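The values are calculated or read from the model by the stated rules, or taken from the named source; none is laboratory data. In this text the structure is predicted, and so the values were computed from the model without any measurement. All Cβ positions, even for glycine, are placed from backbone atoms using ideal geometry, and neighbour counts span all protein chains on display. Accessible surface is based on the protein model in full, side chains and every heavy atom, while ligands, DNA and RNA are left aside. Shrake-Rupley method; radii C 1.70, N 1.55, O 1.52, S 1.80 Å.
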Amino acid sequence: MAPVHARSALLAARRFERRDAVGPRFGMSMPASFRTLLHQESGLREHRVTNPTDLPERLAGADWRTLTAAFVRKDELDSVDRVGLAYWLIAVCLHSCVLEVVPTDVAADECADPVLANLQLARATALFAIEGLSGRTHAAYAGLVDDPVPTAAHAQAVAAYGYLLARHAASDADSALHLGRAALLLKRLVPDLSAFDHTLLTARLRLRESMHAERAHDLTRATAVLADADALIATLGPESDEDRLLVLEMRRRVLDRRVDIAVKSGDRVTEEAALADALAIDPTDIRVRMQLAQAAERAGDDDTALAGYLHAARLGPYGTAFALLGAVGAARRLGHGEFARVLAERAFRTAPRSARTRDVLLELCADDEPMAEVVRRAAAADPGRPHTGNWHYRMYAAYFDLGESLSPGLYADLPTLAYRFAERGAAPETNWQRLMPPAFRANLVRESGLHEFAVDHPAQLPAHLRTPAWDQLCAWVEEFPDADAERRHLTATVLFRLGFGKVVLDLLPPVPVAELTDPAQLRLRHWRDVVAYVGGVGTAVITPTASFEIADHPACPTHLRFVIAVFAVVFHARETRSLDEAQAWRDKAEEALTELLADDRYSDFEKKMMESRFYRSVTYVPFLRKDREQLAREMDRAEELARALVPTTPYEDFLARENLRACLESRSKEAFGFGDTELGRRRVEEVLTLDPYEPKTHMEVAETILLAEDPDIYAAAESYLRTARLGPIATARGYALAADCFERAGQPVLAEDCYLQALRVDPYAISAARGWRRVGGAGGMADLAEEYAAGLEDWGARRQTPGS
């Protein structure tokens, strides 16, 4: 499915294989940044290489293994193979490696040899790709253009240098001179070149002359010269696969110029014809799709433009962000505000150093200052720590390396809170309730693309990514075996909040409760049970047996017994569905609560918090009994207490907000469960005011919309989009549900894009794959969508077949 420009590597491989040092290569090479962008946007971290030997053997095809072997032996190669290797490296965008093959300029007099001239031209080409028109680049070209001799390499170098001066130099005064000298060289080369090669190189020169005229605003001359190039191409009779590739590339480049000139001259007929031809020969090229979308936009057809820009954005990486910005404009004009916001964030994440992506997103964040600050900070990355320019890192830095999270969401800084308590050497008994899902860190790393953070243990994080807080955590982990129970508990809490649950379990062997003697040891053993239970959610039910024993231990303090008993009520209600067990643990929790409320060591804030949490949790008992009246009465009490909390410190303010949010979330489910949709909706709206940046809440908003008698499907889709935008919790699910709603709302283009984004996050989501298949035609990818869904279904069926 490669676009024409990507097939340069195929030609380079065949030229090397046949030891053809002087045959023409592609006339255009991709910039050095292309491969970097490809790595970033694909997320295929094992393919991130700086030289051929970096690629794991199991990923290398036959051609790549040949390339690697040649690169390893580069100092032993003769000039012919060095030329072939250098151009092959250029074709796969490993330009810096060319400078290892050709580390110094070939002397000008030695360039009379056509093979050595090609070697020098490869060096000059690589230098420009890396450095632009630097001093070294000018020097590399000088040996070929100052006093050129009649070789094909000199003719190409002089023409290329003239073009580079016209496009990139401060002055293009010498550009015409060099293009004229290239023409004279080609005339002298008529006897020495095959008719095919001479005609091809002449057509390339005409193409460069056309570009020069276009930049001089002489569109009449540009059109005429381009017509000459087209006529020359028409005479070419390729006899080999290599020749056919060269002709295809020239046809593609001429069509590209024809479109640009036609647009500037307002020649709509020529533009449409050239675009149709370009699409036929290069349907997977991002530039072709961009030109088609831009043509639709100029014609005022924003629906077609939106679909076209979205299609183009998938065909990057060179231009992905700008295709998305084009889609942003079309979406806004069509009234798709939230969809436009999502697209703008994707554009910014793709190109965070671009002023255009930054400014467009800031404009869309005009009424959302906290998120605007995230954008500004991500756009100004620390040069010594480039990962700080990543949107996800700025949002959730605490989870990456205990850095500063800028997300205004309630739960963005939980690891840092735990770390501060560990730093002080003590944590308050009253803690927050939220337990982030075990996959949160893994999802965050995957969706951010910051794969160096994908470590299984804090000590594995590379030194250049660490903050001072991370180094301190590593020291605590190293000292863990000899630390007292309180220090181990504080360290284990930080590890768990960061997503290192397995490390906690490895550091804390399951000591029998009978061997524990003091409250600190009991709290630590209970914490191990919590970590194990949460780690098993969704895969296996891990019963917190030790915690249940601890509640009856003579050394168990009242507050810990209360915490465990409340936890046990919830566990049995969810996992065993045993009313008797839930009731027994409720009784034990109530007994402990009575003692705590009578204890003068606890403040009024702490007592109200404990009682509110008690009623929110133990109402599982009347829920299991289907006693609606008791459940409502006790949830009323939980809410009353949550609203009565008067915080006196920033930490207490956080706890109060978190508790009220959790209480109202439970109450909304209660209302929906009893069929009171309007009450449930009002409660969800209040939850949203407490934390408008929590993805789950936006999903609940969408669900309340869909419960209405006459639901606004489009509004529900926008709420699901906010879920996806504020991920990584439920990113894929948010996209998939938004897609389903857009599909139902008669917006297949929006639906198609959302299904595809869901699959990018979760490639195995079969429902999203089937949805993409249904609407794939709206984005111009019906065949690919069908192939993907069918392949996934076949894979799933084979996995379910015994013995497969």
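Key figures
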read-out: Set of lysines with alpha-carbon distance to Lys588 below 30 Å, sequence-local pairs under 8 removed; value: Lys607, Lys608, Lys626, Lys669
read-out: ³J(HN,Hα), Karplus 6.51/-1.76/1.60, whole Hz, each residue of the range 382-389, x for Gly, Pro; value: 5, x, x, 9, x, 5, 6, x
read-out: Total formal charge among the other residues, if their Cβ is under 13 angstrom from that of Ala427, Lys/Arg +1 and Asp/Glu -1; value: +3
read-out: Label-point separation in nm, Glu363 to Ser603, each point 7 Å along Cα→Cβ; value: 4.8 nm
read-out: Shape metrics for the range 162-217, restricted to C-alpha atoms - Rg then Dmax, Å; value: 12.2, 37
read-out: Pairwise centroid distance, computed over Cα atoms, of the range 555-595 with the range 333-392, Å; value: 46 Å
read-out: Heavy-atom accessible area ranking, 1.4 Å probe, most first, across Lys607, Lys626; value: Lys626, Lys607
read-out: Dipole magnitude of the chain about its Cα centre (Cβ charges: Lys, Arg +1; Asp, Glu -1), debye to nearest 20; value: 1100 debye
read-out: Between helix 579-597 and the chain: long-axis angle, C-alpha atoms, 0 to 90°, nearest 10; value: 80 degrees
read-out: Degrees, to the nearest 10: 135-145 long Cα axis against longest axis of the chain; value: 30 degrees
read-out: Extension reserve of the Glu272-Glu575 stretch, reckoned as 0.36 nm per residue once the Cα distance is removed; value: 102.7 nm
read-out: Accessible area per residue, Å², the chain with all protein chains present, probe 1.4 Å; value: 43 Å²
read-out: Rounded percent of accessible protein surface that carbon and sulfur make up, the chain, 1.4 Å probe; value: 52 percent
read-out: Angle in degrees between helix 782-800 and the longest Cα principal axis of the chain, rounded to the nearest 10; value: 50 degrees
read-out: Rough spin-label spacing in nm, given labels placed 7 Å along Cα→Cβ, for Glu479 and Gln460; value: 2.5 nm
read-out: Residue-by-residue Karplus 3J(HN,Hα) for the range 603-612, coefficients 6.51, -1.76, 1.60, Hz, glycine and proline x; value: 7, 4, 4, 5, 5, 4, 5, 4, 5, 4
read-out: Note, ³J(HN,Hα) from phi for the range 393-401, Karplus 6.51, -1.76, 1.60, rounded to Hz, x at Gly and Pro; value: 4, 4, 6, 10, 4, 4, 7, 7, 8
